[in-house]
Every structure is written in structure tokens, then in C-alpha cells.
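Report on the structure given below.
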Amino acid sequence: MSALTQLPAWQALWDHFADAKHHHMRDLFASDPQRAERYALEVGGLFLDYSKNRITDDTLRGLMQLAREAGLPTKLKAMFKGEKINSTENRAVLHVALRNRTNSPILVDGEDVMPKVNSVLARMGKFCHAIRSGEWLGYTHQPITDVVSIGIGGSDLGPLMVCSALKPFGHPRMNMHFVSNVDGAQLKETLKKVHPETTLFIVESKTFTTQETLTNALTAREWFVARARDEKAVAKHFVAVSTNKKAVAEFGIDPANMFEFWDWVGGRYSLWSAIGLPIMLYLGEENFTELLNGAHIMDQHFANASFEQNMPVLLAMIGIWYINYYGGGSHVIAPYDQYLHRLPAFIQQLDMESNGKQTCLDGSPVDFETAPIIWGETGINGQHAFFQLLHQGTHISPIDLICSLQNSSSLPGHHEILLANVFAQAEAFMRGKTAEEVREELAAQGLKGDALEALVPHKVFGGNRPTNTLLMDRLDPRNLGSLIALYEHKIFVQGVIWGINSFDQWGVELGKQLAKTIHAELAGKLDDAPHDSSTKALIRRYRRANAGQ
Ligand code: F6P
């Protein structure tokens, strides 16, 4: 048995569950007129309504007790203090230092990291100002109009998601492009849209060894040099963001054009570091600072609020309730905001790469579920696609409904319709529709007898389906910073409860290793590497199809 399942609070929650699983939220609301008020919380510009969950005061008490028994208070302090909590890589985990706006010292191996953080931020600021103001000129003395960010995973999704989310704050002259896929189609289509004289390429890679990124960067460099006809012009059009100075230099980018970050910044937690360069270029230094400020507000709240009034802790522990007790293996991110359309993909990596683990910190296997499958889409589109399953399917998938109170589209009439749908969905998921209500409705439409009864079971909604409603005052850099940090900390808390390492990702390595060998085989440089018969047949088929090319 794992340490977690032996905790008294873990067992006590099972005892509570035996009774609580029979509760219907409809009754919980009916018996407590204050429920919506009591189960809501505001932090900075974020408001969370968590009342539409299958929880009672006893559930929350039990969950908070579990958090304490699992050592959350100590682990939380350890992260903020820069202890090496990423034990399998012997690294600190300090994305909080990147937005430590109070500048209080944070030590790693006895060295305060804040001077380095501030110095890179200052360099980024200077560089972005030069590009945005038009002072930085390309090789034909023209200002930069297009930025192509080349990266993948955490070195792509964060900047891409934030730049899409904050488009209304973007520089009017700057067009942002993101290339992550090694399928040449993405780079090819991007290069069709840009001109070498006015384009800046940012090669983003923590390790600077990632095959997809380096392949795309190399092709982009060749494309550029073939047009500029001058290797020296590269210095005006290529910059790198990495922790690996040597590899950047070997690739052919002057380290003077490199923005640094450090091994204590995890890839999926890196948008606050120099990896955020595309964000700062697009939004400007002031707005990037606002993004950091928003995250810092959430960091302070997370570090200091009581667990009972702590937004990341509440979201995490309510998540644990569904994952480990109800057996709900998926969680939906449904932003009701077109600008947030990449948020589900971003949170998917953040959560699934962090907590998709089956080994406890001491090396023993887990004997409980860990990260749920995170998926989603803009809520309004989801309503017309997969919400059917969420309402009447057999799975329980908690849903985060995310929107902002103020209109960002500025088209009259749209926002009320959007928000009406958010609130209606949350209500429908909670209440459902009883057989009695269906009968009344059908009778009012003139149906009766067998025809009416035959339809009733199909039109019943069980309800009791959990949602969290997250309202932002408006979608701006500060509130987005708080929202992202909220999810980062939620994921951290769940990792602590499960006793796993949320900050490594060994599970991505095997495929990378095998791909290297297979790549050599596809290129005809290697024959007969040991594979199963299926893999061998697939390789043969590819080689036959491409023979003579
Ligand atoms: O393969 C997974 C991964 O290592 C992610 O964790 C990371 O965000 C991504 O690849 C990109 O890595 P890098 O920034 O080193 O290119």
C-alpha cells in the first residue's frame, strides 16, 4: 500500500464518500440558500464559483485534512524556497521566481537567482523595445513586421496561447507566427506569408537538442540565407532562447543574440522566462510585466491563504475528490472566449505532462489514479459537439467553464448570448431535468399516452454533473497571468497529494530514442535494426513507397 492510501484522512474520505455519493446537488442547493456565496472565492481579477460540485462542508474538511496529512504545507514552502523538489533531475522548481515581483531573494545552491532573472528581463525589455519601435532594422534597413517563433511543447504552447489570448493588446505592426510541427507543411505555409527582410526568427528550446525544433530552425535559416545571400545578415534576423549556450553557438546563432534561462524552469512552466520573448515582443514590456504581476498575485495567494480559502488548493482537492473517489478520469477545459481557444491545449500539456505518472517519489508504484485526461475546446463550440456526452453520457467529467465578464469582441449583442450559455450550461449540468419535468414539458406540447412515455427516458438529464465557473473581470494580461498560475499551482498540489514528481517527463523519452533509429532506417542509412514484425513492415512499406526519390 502506498503512503497516501494509508493516511487516516484518505480512509476517512472513503467513509464519507459512502454517504456523499448519494447526494444530488439539486438537494444541496435547496437545503442551503447560502451555498453559492459560501462556495465562492475572489483572487485579484478572478472569481471562482465552486458551488456546483458534489461537495459539502464535510467533504471540504476531509479534503483539506488530506492535504495537510499529505504534507502540502511543507512541500509548498519547499518549492517557494528553491529546494530541489524535482528529485529525479535534482533541480529546483522556480517558475515563481520568474514573477517574484517583490524581488525577495530566492536561493538555489546558495545563490540568489533574482539578479539573473531581473537582468534577463531587462535585456528582453531592451530588445523588444528596439524591435517594436522600429529602431532594430533588418539587413535591408527595414523594421521587423513578422516574428516566427520556432519551438515545441512548453517552448511553443505558452507563448502561442498567450499571444492568441491577448491579441487585442498586440502591436499593430507585428504579425506573430508559431511553428512547432516537424511536418514541413507548417513551416512552408508560414514562410509563404513572411518576407526575409522584415522577419525575426526566435528559436525557442530549453535543451536546444529537440529534433523538431532544430530541423525547423535549420530549414528556416537556409531559407533566409538563400534569400539574404549573406551569412552576416543572420545576426539581425535570428535569436535563440535556451539554457544551452554551447548548442546555440554550434547551431550558428551568436550567443550575443541568445536569451538565457535556467534548468530550474520547467519547459511547460517557462512562458514567464525568456521563452516569453514572443509574448513581450507582441505585447510590449509593460503588458508582459502585467502578466507577471497577475501570476505573482496568485503565487502570493497560494503561499499565504488558508487552504480553505485557497483557490488552487480548492480546485486541486475538489479534483482529487472526483479522480480518486468517483473515478472520474477526465477533466474538461471549456473557455467561453474565442481568444482563449488554445488554453485547453496549453493546460493539457501542463497537467498531463506534469502528473501523468505512475511512480511515487520513493520509486514505488501508485495504487490510485493520477492525472485525468485533460481535453476541451471553446465551450460554445463544445456545446454543439461533445457536450451531449457530458450531459447524458456515462462518464463523469468535471468541467471548468472560463469566461470574462466584460466584452472583448466589442460587437454588440454577442457577449450576452455567450454568457447566457455559460450560466445555462452550469445550471443544466447541476440541475438536470427530472422525468416529471420532462412529462410536464411533453404534455404541454400536446403529447400523451405511450408516445409521451416512450420519449421520457431519452429526455431525462440526471444532472449532478460538476462544474467550476471561473469569471475574469476581463481578459487582460494581469488576469491571464493569474489564471495560468492558478492552474500551475492546482497541478502542483495534486502532484503533492499523489506523492509523485510533477516536474520531470521521462515518459516522452522512449519514443524519441526509437525515432532516431527508425529515422536512420527510413533514410536508408541503417538496415535490420531489431523491431517487432509490425514496425519492420511499416518501415519496409515506407521505403518501398519512397524508393528512388
Ligand atoms: O519532449 C517533451 C519536451 O521535453 C517538453 O517537456 C518540452 O516542453 C518540449 O519537449 C520542448 O523541449 P525543448 O524546449 O528542450 O526544445
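Against the numbered list (1) of a type in the set (D, E, K, R); (2) in a helix (DSSP H, G or I); (3) within 16 Å of the ligand (Cβ to nearest atom), Arg227 comes up short only at (3).
Checking each residue in segment 408-422 for being buried (at least 16 other Cβ atoms within 10 Å of the Cβ) and either touching a strand residue (DSSP E or B) at 6+ places or on another chain (Cβ under 6 Å) or not small (Gly, Ala, Ser) (or both) picks out His415, Leu418, Leu419, Asn421, Val422. Scanning segment 501-549 for residues that are in contact with a Ser or Thr (Cβ under 6 Å, 6 or more places away or on another chain) and at pLDDT 95 or above gives Asn501, Ser502, Asp504. If a residue must be under 30 Å from Asn293 (Cβ atoms) and of a type in the set (Val, Ile, Thr), how many such residues does segment 217-247 contain? The qualifying residues number 3.
When Phe429, Phe461 are screened for being crowded, with 17+ Cβ neighbours inside 10 Å and of a type in the set (Phe, Trp, Tyr), only Phe429 passes. Of the conditions (1) of a type in the set (A, V, I, L, M); (2) surrounded by 15 or more Cβ atoms within 10 Å (Cβ to Cβ); (3) at pLDDT 95 or above, Ala36 fails just one. Which one is it? Result: Ala36 fails condition (2) only. Taking segment 257-350 as the region of interest, the helices (runs of 4 or more DSSP H) fully inside it that hold 3 or more residues being closer than 30 Å to Lys245 by Cβ and within 16 Å of the ligand (Cβ to nearest atom) are 277-283.
Just checking, does segment 476-493 include any residue being within 14 Å of the ligand (Cβ to nearest atom) and either surrounded by fewer than 23 Cβ atoms within 10 Å (Cβ to Cβ) or without any contact (Cβ under 8 Å) to a residue 12 or more places away in the chain (or both)? Looking for residues that are within 14 Å of the ligand (Cβ to nearest atom) and either surrounded by fewer than 23 Cβ atoms within 10 Å (Cβ to Cβ) or without any contact (Cβ under 8 Å) to a residue 12 or more places away in the chain (or both), one finds none in segment 476-493, hence no. Per this entry, Val239 is counted among residues that are surrounded by 20 or more Cβ atoms within 10 Å (Cβ to Cβ), in contact (Cβ under 8 Å) with a residue 60 or more places away in the chain and among the aliphatic types (A, V, I, L, M). The numbered conditions (1) out of contact with any Leu (no Cβ under 7 Å at 6 or more places or on another chain); (2) crowded, with 22+ Cβ neighbours inside 10 Å; (3) over 28 Å from Ile202 (Cβ atoms) are all true for Leu281 except (3). Scanning segment 219-231 for residues that are surrounded by fewer than 18 Cβ atoms within 10 Å (Cβ to Cβ), in contact (Cβ under 8 Å) with a residue 12 or more places away in the chain and of a type outside the set (Asp, Glu) yields Thr219, Trp223, Arg227. What's the total number of residues in segment 352-371 that are out of contact with any Phe, Trp or Tyr (no Cβ under 8 Å at 6 or more places or on another chain) and part of a loop (DSSP other than H, G, I, E, B)? The total comes to 9. Residue count for segment 454-498 under the criterion of being in a helix (DSSP H, G or I) and within 30 Å of Thr434 (Cβ to Cβ): the result is 6.
Within segment 32-46, residues that are more than 11 Å from Asn468 (Cβ to Cβ) reach partners that are part of a loop (DSSP other than H, G, I, E, B) with beta carbons closer than 7 Å, at six or more positions or on different chains, in the pairs Arg35/Ser51; Ala36/Ser51; Gly45/Asp473.
Contact annotation: residue pairs with Cβ atoms under 7 Å, 6 or more positions apart or on different chains, pairing a residue in segment 1-28 that is surrounded by fewer than 17 Cβ atoms within 10 Å (Cβ to Cβ) with a partner that is among the basic types (Lys, Arg) and not in a helix (DSSP H, G or I), are His23/Arg54. The listed residues are Val234, Val248, Val225, and the only one of them that is of a type in the set (Val, Ile, Thr), more than 19 Å from the chain's Cα centre (by Cα) and under 28 Å from Asn100 (Cβ atoms) turns out to be Val248. Per this entry, Glu416 is counted among residues that are free of Cβ contacts under 8 Å to residues at least 40 places away in the same chain and of a type in the set (D, E, K, R).
For Leu94, the requirement of being of a type outside the set (D, E, K, R) and in contact (Cβ under 8 Å) with a residue 40 or more places away in the chain is met.
Among the residues here, Lys81 does not qualify as basic (Lys, Arg) and exposed (fewer than 13 other Cβ atoms within 10 Å of the Cβ).
The values are calculated or read from the model by the stated rules, or taken from the named source; none is laboratory data. Note that the coordinates shown come from a computational prediction; the quantities given were computed from them, not determined experimentally. With ideal geometry, Cβ positions are generated from the backbone for all residues, glycine too; neighbour counts draw on all protein chains shown.
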